[in-house]
1. How large are Rg and Dmax for region 326-382 when calculated on the C-alpha trace, in angstrom?
2. Note down the net charge around Gly367, summing +1 for each Lys or Arg and -1 for each Asp or Glu among other residues with Cβ under 13 Å from its Cβ.
3. Modelling each spin label as a point 7 Å along the Cα-to-Cβ direction, I'd like the Cys480/Val321 distance in nm, to one decimal.
4. In nm, give the distance between the simple-model label positions of Ile498 and Ser409, each being 7 Å from the Cα along the Cα-to-Cβ direction.
5. Can you tally the net charge around Ile419? Count Lys and Arg as +1, Asp and Glu as -1, for every other residue whose Cβ sits under 9 Å from the Cβ of Ile419.
6. Highest mean first, how do 331-344, 102-115 rank when packing is the count of other Cβ atoms within 10 Å averaged over residues?
7. Quick one: length gained pulling Asn201 to Ser108 fully straight, 0.36 nm per residue minus the C-alpha distance?
8. With only alpha-carbon atoms in the gyration tensor, what are the semi-axes of the equivalent ellipsoid for region 466-509, in Å, largest first?
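What follows draws every value from the coordinates through simple rules; no lab data is involved. What you see is a predicted model, and the numbers here were worked out from it, not measured in a lab. FYI the Cβ positions are ideal-geometry reconstructions off the backbone, even for glycines, and counts take in every protein chain you see.
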Amino acid sequence: MSVKINSADSARVLVGMPFINTVFLFVVSNNGSSISLASSGSNGQYVGCGKSVAWLTSSQAAVLVSTYSLDNSTWYSSNIYLYTSLTTTTIPSSYSSLIPNIQQQLPSTISSQLIQAVSTPESLAVLDVNGNILLILATPAGTYAATSVSSLSGTASIPMVSSSTACIAGTYKSSSGIHPCSLCPSGTRNPGGGPCISCINCSSNSFCPWGTVFEVNETYLTSQSQAYAYPRSPELTAYEDIVLSNSFAIGSTSHSESVGDSSFACDTTLRNAQYDSNLQSLAIPVPDEEQPIVDMLDNQVFTLQLDVFNTAISCQAVSFVEIVGSTTLSLPMASCNNVNGVVSATIILPGHDATIEVTLTSIQLVGGFRLGLSGPSQSNDSSTMIQSVTVDIELTKAINETEPLSGDSSIFSGIWYPIFSLNNRKTFITSTQYSQLVSSSYTVMTITISEASYYIKNTESPIAKQQEVIFHTLLFTIICLEISGLVFLIVKLVFIPIFKKAIVHYYRAPRGKVMPTDENASHDKVTPTHENASHESSSKTRSEDG
């Protein structure tokens with residue numbers, strides 16, 4: 001059991017009971033005559049929490065926690081939980097940070113099994129199982145107590161003492177103490193170079209995640225890909241149907257189609273093309289006409305490009321190795337540059353199937369990364385990143401065949417489609433996790449590249465070839481002329497005669513005789529002239545002779 005009275009406020013007492021895995025906060029009142037339990041905390045294990053407790057300031061405390069096996073027979077390691085914002089009566093459910101952490105690693109001379117932690121009062125002295133002592137001194141705001149080997153002073157017989165170091169780029173520290181610097185919140189940054197009490201605001205159009213070092217314009221983060229959605233075939237894939245639907249449709253579209261824009265087509269949206277896409281197993285030999293493009297894809301050399309954003313890491317801290325079985329082979333970098341917090345490194349891949357490990361030997365933060373594959377073209381006229389990242393890249397061949405409008409020589413083209421598999425939840429961590437996770441002093445990225453056991457075959461072929469277009473168009477024209485002639489004959493031989501007979505029958509039909517009335521007779525009476533009288537007389541004489 002461990003007991004510690006707050007030197008700045010003697011009314012508060014911390015009591016650690018590792019056998020029940022609990023730390024208690026008691027409040028003493030009435031001049032020490034009464035004591036009450038204000039709060040308690042545990043780390044969720046069976047034993048080990050509260051092996052040693054220490055007050056650092058009136059609102060800061062340290063708790064030594066040991067980790068054991070499930071049967072409590074094996075002691076694995078120890079951590080120091082730091083609480084930087086203790087209230088008068090409450091122990092927070094989660095600690096603020098812990099030691100060791102990314103910025104404050106235990107030196108190699110100090111064992112991970114710690115047995116005692118004593119405050120002095122703002123600083124902390126730690127004793128390990130071998131009797132070695134590490135003294136972590138409190139540092140002012142904007143700095144942290146560095147515990148790396150290069151930052152320590154002392155020998156095996158003299159306690160190792162930490163040193164005050166400015167917060168690393170992308171972090172800040174607003175209060176004094178032994179705790180590490182915190183990540184700059186999203187939308188702020190710290191370019192480093194000196195102590196940092198507060199971070200600088202970023203511009204609105206920049207990429208500034210947690211722990212930002214430099215502003216990166218969001219347009220720089222645009223992904224580039226040569227993959228595209230393969231088009232679908234049109235609804236009409238028979239040339240006769242296309243001709244009929246466009247010849248007798250009301251509108252401005254007409255005429256024929258071709259592969260691509262046609263100089264004689266009124267509607268350039270029409271395409272004499274149909275599409276097909278399928279998967280082909282590489283276990284089956286490819287056809288002879290496809291073998292050249294497959295060989296060119298297999299022989300293509302890839303360049304792997306790694307871009308690391310928002311970091312103060314230098315090119316000297318980046319290294320690439322290929323994992324071959326149980327050994328590693330160093331891979332030289334083809335190029336590397338660092339511009340405004342973006343480190344861009346490239347290597348030539350040894351093959352299409354490889355496992356590449358990238359190591360960033362620095363505790364500097366990384367805001368994000370981008371991976372890319374590129375290769376030379378060939379033709380034949382015949383949140384902040386965690387320190388252990390795994391990325392899987394699967395390469396798939398895509399072969400495109402374009403059949404010509406005339407002739408038999410198809411045009412082949414090919415491209416590799418990479419598929420990146422990455423678990424964002426396991427790749428990026430929050431500010432709280434950064435302060436609470438035990439991490440090493442370097443970042444390792446493992447890139448596994450493999451090739452799919454199949455390839456994609458895309459085929460573009462004309463709906464009708466040139467000879468078929470000419471023949472069917474001519475045939476369609478002749479049929480249209482014959483239909484027009486037949487309609488003309490039917491009208492000439494059937495409808496016109498019927499129409500004429502109807503007209504003749506109408507005009508030859510008998511008409512009714514109208515008898516005039518007296519009134520009409522008096523008005524219609526005509527006095528014949530001399531010529532008319534003689535004509536009537538002669539007509540009457542001829543009638544009598546007859």
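1. 15.2, 53
2. Neighbourhood net charge equals -1.
3. With each label placed 7 Å out from Cα toward Cβ, I get 7.5 nm.
4. 6.1
5. -2
6. Result, highest mean first: 102-115, 331-344.
7. So the extension gain works out to 29.6 nm.
8. Values: eigenvalues 342, 4, 3 Å².
Three semi-axes, in Å: 41, 5, 4.
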